[in-house]
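The values are calculated or read from the model by the stated rules, or taken from the named source; none is laboratory data. As the structure is a computational prediction, the values presented were derived from the model and not from experiment. A quick note on method: Cβ atoms are made from the backbone with ideal geometry, for glycine too, and the neighbour counts reach across all protein chains shown. We work out accessible area using only protein heavy atoms, side chains counted, and drop any ligands, DNA or RNA first. Shrake-Rupley method; radii C 1.70, N 1.55, O 1.52, S 1.80 Å.
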Amino acid sequence: MKATKWGVGLGLCTLLAGVIGWCLWPQPAAPDLEAGHSGERLVDSPELVEPAQLAVMSTPEIKSAPAEVAAKPGRLRADGSQQLDAPWLVAEVDADFPLVEPGEGVEQLQPIALQGSELGQAQVGDRVTLLLPDSSTLEARVTKVELQRGGERNWQGEIRVDGDSYPVNFTVGKQATFGFIGTPQGSYSVEMLGGKGWVYKNPPLDRGHGGSDALIPTHQ
């Protein structure tokens, strides 16, 4: 009887030890589970691309940005210079007109207004069309440009008529503009403030002695 009880107890102890050992024994991970992340399936690694396949893969085309070209007023001439057309036009005198009429003796007085900034942007070699009070026009060629101490821009030029050269001179500032235009029939002045002003024919140099207002041309 005692032997029977001893055998049953030994069997139970053996069974219990086996259960405890099975629980404590490390279990192999399932092939489709990632180690350390139970319940998450492994993601297939991307397929490797052979060098031969890389050689035939198309490369995306990279388009360069268009270069910006600085705009210059006027029309381009064949020699690369600019044709600046009518930097001022006829205007009306209103309550806001900035300048009073010039002094006595001037002729062909005409109110004008600037059109843009072409007059102050002329470069050497450019041609500038100048509108006179009688509605005629003369073309001046810029020969020299200077920047003055006060920030004003001065350009000098010439008007060619029948082989003779007559001087042109303009000084353009932020607010005021002054100009001198020589012609075979006499000289003209331009005065503007805030983009508005006058163009007029200057009085003769010596009216009392019968002098002529015609300029002596510069022969070249």
In the range 136-151, the residues that are in contact with a strand residue (DSSP E or B) (Cβ under 8 Å, 6 or more places away or on another chain) and either more than 15 Å from residue 178 (Cβ to Cβ) or in contact (Cβ under 8 Å) with a residue 24 or more places away in the chain (or both): 137, 138, 139, 140, 141, 142, 143, 144, 145, 147
Index of the failed condition, residue 134 passing every other in (1) part of a loop (DSSP other than H, G, I, E, B); (2) open to solvent by less than 60 Å² (accessible area, probe 1.4 Å): (2)
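Being closer than 21 Å to residue 98 by Cβ and among the small types (Gly, Ala, Ser), is that true of even one residue in the range 153-165?
The answer is no, given that none of the residues of the range 153-165 is closer than 21 Å to residue 98 by Cβ and among the small types (Gly, Ala, Ser).
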Any hit, the range 86-97, residues being within 19 Å of residue 157 (Cα to Cα) and touching a strand residue (DSSP E or B) at 6+ places or on another chain (Cβ under 6 Å): yes
Any hit, the range 100-114, residues being modelled with pLDDT of 95 or more, surrounded by 14 or more Cβ atoms within 10 Å (Cβ to Cβ), more than 19 Å from residue 192 (Cβ to Cβ) and not acidic (Asp, Glu): no
